[in-house]
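Q: I'd like to ask you about the structure that follows.
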Amino acid sequence: MSIISARSLTRRYRQGQTEIKAVNNANMEVAQGEFVAIVGSSGSGKTTLLNLIGCIDRPTAGTIIVDGVDVTETENAKKLPVIRRQKIGHIFQDYNLLPILTAKENIAMPALLDSRKVDDSHLLSLANLLGIKDRLDHLPSELSGGQKQRVAIARALINHPAILLADEPTGNLDKKSADEIMELLKEINRQGKTILLVTHNEKFADICNRKIRIEDGNLTA
């Protein structure tokens, strides 16, 4: 069963008189529980594709169905922030942690934004899995790059999302930390989470169930 389905997905931009097709008439299916790598050169459209699936960006044409919801339907447009918080977890290369909040507060933020009571047992379970239980009271400035990314992963998982989208999550890390983050993502996938990973690292891409390659906005399996 597909948890992500895209049909004729297109995202066009204009630079002066030039039209750029960042994603060009793309079709793709991702089954529940898959670990899929999205690979391609810089500027190929990887992040644009991930942002379309993650409801951060809107397509010029085509449809995307995410966990049973057509997120391109006009009537669902106002629901996109809720869909993002409840169905999709985002992990970014630059962590995107709030500097004035502790690690614990950063992890809890998506639940608070969704007006939910924070499940402390779930938060602690994530902290244990990710090896940051002893860093929860620290500010981001007091954490290493690898620890910041672990906090970001916990934040992405706090609302029990159906899908985890990771955009170059190891890009700012040293090799040891990058390898550790990939091992954690593999474990999260083994526990049943669907993961889409954007990466330049072919070794990491080879770890995934399959690869989707994108060049000049065109997808190939």
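Q: Picking from 15, 99, 207, whose Cα lies most toward the positive end of the charge dipole for the chain (charges on Cβ: Lys, Arg +1; Asp, Glu -1)?
A: 15
Q: If each of residue 172 and residue 201 carries a label point 7 Å out from its Cα toward its Cβ, how far apart are those two points in nm?
A: So the two model labels end up 1.5 nm from each other.
Q: Tell me the relative contact order for the stretch 2-220 as a rounded percent, counting alpha carbon contacts under 8 Å between residues six or more apart.
A: Reported relative contact order: 31 percent.
Q: As an exercise, identify the trypsin sites (Lys or Arg not before Pro) in the stretch 85-135 lying in DSSP coil whose Cβ has no more than 10 other Cβ atoms within 10 Å. Please report the intermediate quantities before stating the final value.
A: On the way: sites: 85, 87, 104, 116, 117, 133, 135; in loops: 116, 117.
Here the sparse-neighbourhood loop sites are 117.
Q: So for the stretch 152-221, averaging the separation of alpha carbon pairs under 8 Å that are six or more residues apart and normalising by length, what relative contact order in percent results?
A: Taking the mean separation of contacting Cα pairs over the length of the stretch 152-221, I get 30 percent.
Q: Consider all pairwise Cα distances in the stretch 1-112 and report the whole-number % of them above 22 Å.
A: 41
Q: Please list 3J(HN,Hα) in residue order for the stretch 148-154, calculated via the Karplus relation 6.51 cos²θ - 1.76 cosθ + 1.60 where θ = phi - 60°; whole Hz, with x for glycine and proline.
A: 4, 5, 5, 4, 5, 5, 4
Q: Report P(r) for the chain: all Cα-Cα distances, bin width 10 Å, range 0 to the bin holding the largest distance, values in whole percent.
A: Spelled out bin by bin, the chain gives 8, 34, 36, 19, 3, 0 percent.
Q: Taking 22 Å as the cut-off for C-alpha to C-alpha distance, list the pairs among 79/117; 46/211; 133/186; 87/176 that go past it.
A: 87/176
Q: Now, a different point. Rounded to whole Hz and in sequence order, give me ³J(HN,Hα) for the stretch 15-24 from the Karplus expression 6.51 cos²θ - 1.76 cosθ + 1.60, θ = phi - 60°, writing x for Gly and Pro.
A: 10, x, 8, 9, 9, 10, 9, 5, 10, 10
Q: Within 13 Å, Cβ to Cβ, of residue 46, how many net charges do the neighbouring residues add up to if Lys/Arg are +1 and Asp/Glu are -1?
A: That works out to -2.
Q: Let me ask something else about it. Given a Förster radius of 22 Å and the C-beta distance between residue 220 and residue 125 as r, what FRET efficiency does 1/(1 + (r/R0)^6) yield to the nearest 0.05?
A: Between residue 220 and residue 125 the formula returns 0.05.
Q: Run lengths n ≥ 4 of DSSP H only: what is the helix-derived mean residue ellipticity at 222 nm for the chain, with -39500 (n - 2.57) per run over all residues, to the nearest 500?
A: Mean residue ellipticity, 222 nm, calculated: -10000 deg cm²/dmol.
Q: Something else: Just to verify a number: FRET efficiency for residue 190 and residue 17, C-beta to C-beta distance, R0 = 41 Å, to 0.05?
A: 0.25
Q: If you put +1 on each Lys and Arg Cβ and -1 on each Asp and Glu Cβ, how big is the dipole of the chain around its Cα centre, in Debye rounded to 20?
A: Here the size comes out at about 300 debye.
Rule-based calculations on the coordinates, nothing more; no lab input. Not measured: the values here are computed from a predicted model. Because the Cβ atoms are built from the backbone with ideal geometry, glycine has one as well, and the counts that use them run over all protein chains shown.
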